[in-house]
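As structure tokens, the structure follows; a few thoughts come after it.
The values are calculated or read from the model by the stated rules, or taken from the named source; none is laboratory data. Not measured: the values here are computed from a predicted model. Neighbour counts run over all protein chains shown; Cβ positions are idealised from the backbone, glycine included.
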Amino acid sequence: MNSDPNAQVPVPPDEAAPLGESSTPSQPAPATPAASPPEPAPKPVSRGVVLSLGAVSLAALLTSGLLWQKLANIQEQLARQSADTSAQSVEARAVAKQAQELSHETAARVAVYETRLSEIALQRTQLEELMQSLSRSRDENLVVDIESSIRLAQQQAQLTGSVEPLLAALKSADLRVTRAAQPRLTLLQRAIGRDIERIRSVAVGDTPGLLIKMDELVHLTDNLVLANAVAPEHASALSQRQAVEALPTWWQRSFLVVLNEVRGLLRVSRIANPEAALLSPEQSFFLRENFKLKLLNARMGLLARQLDASRGDLSDAAAALTKYFDATSRNTRTAAALLQQVQAQMKTLELPRVDETLTALATAAAGR
């Protein structure tokens, strides 16, 4: 179909003939058969219809072009989207592969971390056990050191007769337990505090003073008068000589001298124990030496803190002093007074014991 409006429309031959009569010469008509009837002439097509059909054809063509262009755009867009989708799919596959590899690597790392974590947990358990063992060993060593120091201080206190070494050891033990800050040593710390207070409140005898008094007794032994010894003269020899020289006549002087000699030949005294009167001079020497040995043994027992043996020796010395020596002598009375003082002070020489602290140490060492 031609859409040009200037195009000419074909006309039937019957109508064209009259129009061309003036320009072309007439030609003779060919002969036609007489028997064929004449055909009806077609109706002429109007120009408006032709124009309408051309416009419709043109609109259809334009619409087809637009649709074709739109379809091409859609295809191009679909192709571009397909390409993008393919690229994204490839990229997604790569990312998925990387994610899978990363997951495998992460799983491997997690497995390694779990293994290391289990090893670390095992090491931590072992370390805690080691620390607890070291702590127990340190506490046990501390308990053993404290016990040995207290026992050593107790021996020193027994040897010196002073509680200062024992107090120093208890204070040092209390300070060490406080620094350790272990709950299981709380009972030990309380026991040490109670023992310190008890030792401070106890009055302890003066051992050096006792030793001095015993030395005085030993030196006084040689001057003691035995019960069977000759009684001393009532007047000195000088006074007797002066009295004799004062007499006017010689026979009076002679009589006074003889009278004094006769008085010396006879002695009357009262002896409570017969053994004292039967002592010979040799036995008197050994008696004094035995008395000294009793005092020296008591002194050694006091230094060795053998208080029972020392008290026994002092009792024997006091019995010998009362039995064999003159009770009316001044030296004997002095020695008896010193012995009584020493025996009285020996009763206060008992050092306080730290049994409560030692019991707490034994309990702590047993781990209870």
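Residues satisfying the criterion are present in the range 186-204 (criterion: among the hydrophobic types (A, V, I, L, M, F, W, C), buried (at least 16 other Cβ atoms within 10 Å of the Cβ), in contact (Cβ under 8 Å) with a residue 40 or more places away in the chain and within 28 Å of Leu303 (Cβ to Cβ)).
Can you say whether Leu185 is of a type in the set (A, V, I, L, M), assigned to a helix (DSSP H, G or I) and at pLDDT 65 or above, as far as the supplied structure shows?
Numbers: of a type in the set (A, V, I, L, M): yes; assigned to a helix (DSSP H, G or I): yes; at pLDDT 65 or above: yes.
For Leu185, the condition - of a type in the set (A, V, I, L, M), assigned to a helix (DSSP H, G or I) and at pLDDT 65 or above - is met.
Take the range 159-182 and flag every residue that is in contact (Cβ under 8 Å) with a residue 60 or more places away in the chain, crowded, with 17+ Cβ neighbours inside 10 Å and not β-branched (Val, Ile, Thr). Don't jump to the end; show me each part of the working.
First, pick out the residues of the range 159-182 that are in contact (Cβ under 8 Å) with a residue 60 or more places away in the chain: 159, 161, 163, 166, 170, 173.
Retained after the next criterion (residues that are crowded, with 17+ Cβ neighbours inside 10 Å): 161, 163, 166, 170, 173.
Those that are in contact (Cβ under 8 Å) with a residue 60 or more places away in the chain, crowded, with 17+ Cβ neighbours inside 10 Å and not β-branched (Val, Ile, Thr): Gly161, Leu166, Leu170, Ala173.
Per the listing Arg311, Arg288, Arg305, Arg299, the residue uniquely under 21 Å from Gln155 (Cβ atoms), part of a helix (DSSP H, G or I) and touching a residue at least 40 places away in the same chain (Cβ under 8 Å) is Arg299.
Among the numbered criteria (1) acidic (Asp, Glu); (2) under 41 Å from the mean Cα position of the chain (by Cα); (3) at pLDDT 85 or above, which one does Asp139 miss? The one condition Asp139 does not meet is (3). The sole residue among Ser57, Ser64, Ser52 that is of a type in the set (Ser, Thr, Tyr), in contact (Cβ under 8 Å) with a residue 40 or more places away in the chain, surrounded by 10 or more Cβ atoms within 10 Å (Cβ to Cβ) and out of contact with any strand residue (DSSP E or B) (no Cβ under 9 Å at 6 or more places or on another chain) is Ser57.
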